[in-house]
Each structure stands twice: as structure tokens, then as C-alpha cells.
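The values are calculated or read from the model by the stated rules, or taken from the named source; none is laboratory data. Please read these numbers as outputs of a predicted model, since none were measured by experiment. Glycine also receives a Cβ, built like all others from the backbone with ideal geometry; neighbour counts cover every protein chain displayed. The accessibility values were calculated without ligands, DNA or RNA, using every heavy atom of the protein model including side chains. Shrake-Rupley method; radii C 1.70, N 1.55, O 1.52, S 1.80 Å.
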Amino acid sequence: MKTIRKLVHREIIAAVAFVTLGFLALLLFFDLVDELRWVGRSPTGEYTISHALLYVALGIPSHLYELLPITVLIGTIFVMARLAQSSEFTIMRTSGLGPVRALRTLLALGAVFVLLTFAIGDYIAPLSDRAAQLVKARHLGRLTTGATGAWLKERQGDQSFAVNARAIAPDGGMMGVRIFEFDNQGRLTGQIHAETARFEPDGAWSLNRVLRSRFLHPENGDAHVEHLQSDLLRWPTQISADMVAAAVLKPDRMATLDLFQYTRHLKANGQSAQRYEIEFWRKVFYPLSCLVMVVLALPFAYLHFRSGSLAGYVFGGVMAGISFFLLNNLFGFAGNLQNWSPWLTAAAPGIIYSLASLAAFTWLVLRR
């Protein structure tokens, strides 16, 4: 049985690696074509083809994270269907590979893919994405974070602050920082504008070339504005570099712990965290989709294939896998709009497809 398990694992790993390399090469080609439009576009002309290649290469972990579940499905379906077509799986069954052992064999390999997906998505991909952003910022001069930049909010005692960073600086700091200060009645009491800002080791922000405005609202007098200028201002805050990166990066590109901390920060400051809560739970359950994929592929080993029918069954399995990801995205959007429970929104597609796969597997085993 150990020999059979090694054979199945080796065949599936080879197939998954081949499919992953094929998809990865295609995605990297499209990324490179898209990135070439920035070559020579920087004010200093420093963004060259080598920087574009480096930026594309740093995107490999993110693509791997996105591709692994679907390539696990395609590779596993291909191997199980091929074993069934050549009657090798029938020989394995007569050698003692019962349904429970077959399921356990695939789940053991699926657990390895779960750990690999989690490691890439939580540790490697976020670091490579931030490095790619810095490469682009350093050689393009700056990296904008949307039409109006990144927005964050913080509460300090009776005061609240709305913070806007227009762009990421080449050194990893921020450019065009604006801080709006409000009192406990929601009135604007001050504004700080800094050309650049950097993060201090103790968590505070060091603001450079600062213009500070104070809006005074006396009870029995006319309101007026005071303007102060300074070259350097230290602003104490709990908004860390990771939180700013969280506002810059897409939620699905963030590490699970960063998403959890950012969600807590949003809740603590009275902001809607539904979207990020759903993304947090999707991040938790996403690696487990590799288990769903191997369970979805197992029934193909119990089908009888005629010559030429293998490609059709593999195509049908791939379509089932794609429908899983479409349903996953659909539940994410619907859960955000309808304010559904975040963990249930993220877990529902996996539960539905796992039950459907196990039902198909059980029906095929009992029927055969």
C-alpha cells in the first residue's frame, strides 16, 4: 500500500507542477507585456526593462497562490482519470486500495498543498508584493494608491483623525500626507499637510515640510484660522506601516494576521470592516480549497472511460473547479452587500462543493 501511495502522490505532484508551470508562464507573459508600457516613462528614465522583469518576477508568489487550488484540481483529475482509463486504478482496488484508503491518500497529499498554499499566501506573497511596490516606487519616482490615495482613520481620546497619503515614496515612506483633526462633536479643528512622512521606530510619524492649520471655534466670538509652518513635526499615532500597506494593497494580497489587525483597527475607529472581515475568513479558508479540489477529483477514478472520452471528463472537472471559484467570488460580493456573517460567507462554497463531491464519490462507490 505504501508503494501505491507513493505512485499516486508522485504522479499527482508531477502533473500539478507541469500544469502550474504552464499557467504561470502564460500569466508572466501577460504581466510583462503590460509592464513594458512603463519602461522609460519615469521622469528620470530609470525604469528599464530589467526593473520590469524584476517587478514581474516578484509577482510569481502571488500568481502561485492564486493558481495552486485550480492546478491541484486539474492535475489530480488528469492523473485519476488516466489511471482509470488504463485500468491501473482497477488493479490498485483489487490490491486493497478501498474507497476510504483512496480518499485518505488524496487528503494526505491535499494537506501538503494546503500548507504550501498557506505558506506562500501568508509569508512569501505579501513580502514579494511589497518589494515589487517599492521597486516601482523607487524607479518611477512614486507610486500612487488610487485616485485620492490611501485613507485611514484613528481615534485618540475625544479626538478623531482622518489621514490621507497620496502616494508611496521611493524610500518606503509617504508623500502628500494630509491629517484632518475633528473634535468630539465632529467639527473640523485642524489640518496638517506634509510633503513627506516616514515611520519612526516607536511607531510615530515624522512629518517633513509641514503646514499646520488650526480652526478655532470660540463660543462667543468669530471663528478664525491659525497657520503654522515647520520643517519637522512628530505626530504620535497607532497607524503603523503595516496598516498603511494594508490600505495600499488589495485585501487578498495581505497576510492573514495583517488582515485581522487591520479589521480590528477599522472596528475600533468606527469604520465598516465587513469587506475586510470577509477577506480575512476567505484567507483562512482559501488554502483548504486544495482539499476540496482533491475530493472533487476522486470520483473521476471510479468512472469508466472510452477512448477519446478522457479529455471531455477532464474538461468537465475543470469547469466544475472554475464554477467553485466563481461561486466563491459571488458569495464574497453578496455577503458584503447583504451584510452576511463573514465566516459563513467565506466557508459556504467550500462546504457546498465538499458535500457534493463526497455525495458523488459515495454514489459511484455504491453503484459500482
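Data overview
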{"quantity": "Integer Hz, Karplus 6.51/-1.76/1.60 couplings in order for region 24-36, x for Gly and Pro", "calculated": "5, 4, 5, 5, 5, 4, 5, 4, 5, 4, 5, 6, 4"}
{"quantity": "Distance cut-off 23 Å, percentage of C-alpha pairs in region 13-104 lying past it", "calculated": "48 percent"}
{"quantity": "Accessible-area value, F361, 1.4 Å probe, nucleic acids and ligands omitted, Å²", "calculated": "20 Å²"}
{"quantity": "Solvent accessible area, Å² - K267, 1.4 Å probe, full protein context", "calculated": "120 Å²"}
{"quantity": "Amide H contacts of T189 (H built 1.01 Å from N, under 5 Å, at least 5 apart or other chain)", "calculated": "E181, F182, D183"}
{"quantity": "Those lysines that a straight Cα-Cα span of less than 28 Å connects to K267, excepting residues fewer than 8 apart in one chain", "calculated": "K153, K250, K283"}
{"quantity": "Accessible-area ranking of W235, W363, W151, largest first, probe 1.4 Å", "calculated": "W363, W151, W235"}
{"quantity": "Alpha-carbon Rg with Dmax, taken over region 273-341, Å", "calculated": "16.1, 53"}
{"quantity": "Amide H contacts of K153 (H built 1.01 Å from N, under 5 Å, at least 5 apart or other chain)", "calculated": "V163"}
{"quantity": "Along each principal axis, Cα extent of the chain, largest first, Å", "calculated": "92, 47, 31"}
{"quantity": "Probe 1.4 Å, all protein chains present, accessible-area order of F118, F333, largest first", "calculated": "F333, F118"}
{"quantity": "Per residue accessible area of the chain, 1.4 Å probe, in Å²", "calculated": "52 Å²"}
{"quantity": "Cα gyration tensor shape for region 51-135, rounded if a/c is under 1.5, else prolate or oblate", "calculated": "prolate"}
{"quantity": "Within the chain: Cβ-based charge dipole about Cα centre, in debye rounded to nearest 20 (Lys, Arg +1; Asp, Glu -1)", "calculated": "1600 debye"}
{"quantity": "Region 311-368, Rg to Rh (Cα coordinates; Rh as Kirkwood inverse mean 1/r)", "calculated": "1.11"}
{"quantity": "Calculated from backbone phi, Karplus (6.51, -1.76, 1.60) coupling profile of region 79-90 in Hz, x at Gly/Pro", "calculated": "5, 5, 5, 5, 5, 5, 5, 8, 6, 5, 5, 4"}
{"quantity": "Portion, in percent, of the accessible area of the chain that falls on carbon or sulfur, probe 1.4 Å", "calculated": "62 percent"}
{"quantity": "S128 - accessible surface, heavy atoms, 1.4 Å probe, Å² rounded to 10", "calculated": "10 Å²"}
{"quantity": "M254, M175, reordered so the largest accessible area comes first (probe 1.4 Å)", "calculated": "M175, M254"}
{"quantity": "Karplus 3J(HN,Hα) series, Hz, for region 193-207 with 6.51 cos²θ - 1.76 cosθ + 1.60 (x for Gly, Pro)", "calculated": "10, 10, 5, 9, 8, 9, 8, 8, x, 7, x, 6, 9, 9, 9"}
